[in-house]
Amino acid sequence: MNRPVKRTLGRRELVDFPAFALVGVEAKVDTGAYTSAIHCTNIHIETPAGQPPVLVVNLLDPGHVGADGCPLTFTEFALRDIRSSNGEVQERYVIRAVVQLYGKAFEADFSLSDRSDMKYPVLLGRSLLRQGRFVVDVARRNLSCKFLARATARRTRP
C-alpha cells in the first residue's frame, strides 16, 4: 500500500482561508501545539430569539489584507480547554475551518484567541500537520507558496 508523500513546511508559512476570503496570512508552524489557533477579537455569543446560540468574532485585525473588520458568525463551534504555551489551561471557542497549503484544502480545528501580542496571527498545530502528512524544516520558510509560485511559472512558460 502506497502512503501519500510527506510534504515539508517551513517554520513560517503563508496560508489561505478560502471561506473567509483571506489569502497569504502569516502562520507559525508549532509542533508543540496540538490545536491550531487564529487571532480573533470581540469573541462573544449572541442568542437570537427562538434560535440556537451564534458565536460572533472579528477575525484578524483590519490591517490584515482581506480582513474587513466585519464580524463573522458561526453556528457550529465548541468550547474546549486549551493549554497555552506557558502551561495555563484556558477555555476557548473552537471552530472548524478550511486552510490551504500546497494548493490543497485541509479542514482543521482552530481555537479562537486574541493573538494581538503575538508576531503571527495564525498558529498551525500538530493535528493539522499530521492530517496533511507534513514535516517541518525549521531552517526554511514559505515553502507552500514558493511551490505554488513555481508551479504557476511552469504552466505559464511558452
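The values are calculated or read from the model by the stated rules, or taken from the named source; none is laboratory data. These numbers were taken from a predicted model, which means no experiment stands behind them. Virtual Cβ from ideal backbone geometry, glycine too; neighbours counted across all protein chains shown. Calculation scope for accessible area: heavy atoms of the full protein, side chains included, ligands and nucleic acids excluded. Shrake-Rupley method; radii C 1.70, N 1.55, O 1.52, S 1.80 Å.
Under the combined filter of DSSP loop state and at most 10 neighbouring Cβ atoms within 10 Å, the range 39-117 retains these GluC sites (Glu not before Pro): Glu76, Glu88. The Cα-based radius of gyration and maximum Cα-Cα distance (Dmax) for the chain are 16.7, 60 Å. Over the chain, DSSP H runs of length four or greater, each weighted -39,500 (n - 2.57), average out per residue to a 222 nm ellipticity of -3500 deg cm²/dmol. Measure nothing fancy, just the Cα-based angle from helix 143-156's long axis to the longest principal axis of the chain, in degrees from 0 to 90, nearest 10. Computed tilt is about 60 degrees.
Taking every alpha-carbon pair under 8 Å whose residues sit at least 6 apart, the range 1-106 reaches a relative contact order of 21 percent.
Computed about the Cα centre, the dipole magnitude for the chain is approximately 1380 debye when only Lys and Arg (+1) and Asp and Glu (-1) carry charge, each at its Cβ. Take Ser116: with every protein chain present and a 1.4 Å probe, its accessible area is about 80 Å².
Rolling a 1.4 Å probe over the protein heavy atoms of the range 1-59, with every protein chain left in place, gives an accessible area that is 51 percent carbon and sulfur.
When the range 17-117 is described by a simple charge dipole with +1 on each Lys and Arg Cβ and -1 on each Asp and Glu Cβ, the residue from His64, Val99, Ser113 located farthest towards its positive end is Val99. For the range 106-118, backbone phi angles converted through the Karplus equation (6.51, -1.76, 1.60; θ = phi - 60°) give residue-by-residue couplings of 10, 8, 9, 7, 10, 7, 9, 8, 7, 9, 5, 8, 9 Hz, Gly and Pro being listed as x.
Compute the Cα gyration tensor for the range 76-119, then decide on rounded, prolate or oblate, letting a ≥ b ≥ c be the square roots of its eigenvalues: rounded whenever a/c is under 1.5, prolate when a/b is larger than b/c in the other cases, and oblate in all that remain. Oblate is the answer for the range 76-119, as a/c is 1.5 or above yet b/c matches or exceeds a/b. Taking all Cα pairs closer than 8 Å and separated by 6 or more residues, the relative contact order of the range 53-142 comes to 16 percent. Counted residue by residue at 0.36 nm each, then reduced by the alpha carbon distance between them, the extension gain from Arg140 to Ala78 reaches 18.9 nm.
Of all DSSP beta bridges confined to the chain, the antiparallel ones make up roughly 70%.
Cross-link partners of Lys6 among lysines, defined as those whose alpha carbon lies under 20 angstrom from its own and excluding same-chain residues fewer than eight positions apart: Lys28, Lys104, Lys146. Charge tally for Asp81 (other residues, Cβ to Cβ under 11 Å; Lys, Arg +1; Asp, Glu -1): +1. Asn42 sits among other residues whose Cβ lies under 12 Å from its own Cβ, and their net charge, with Lys and Arg +1 and Asp and Glu -1, is -3.
Quick one: longest stretch of the chain between exposed loop trypsin sites (Lys or Arg not before Pro), exposed meaning at most 16 other C-beta atoms within 10 Å and loop per DSSP? Maximal segment without exposed cleavage sites: 7-118.
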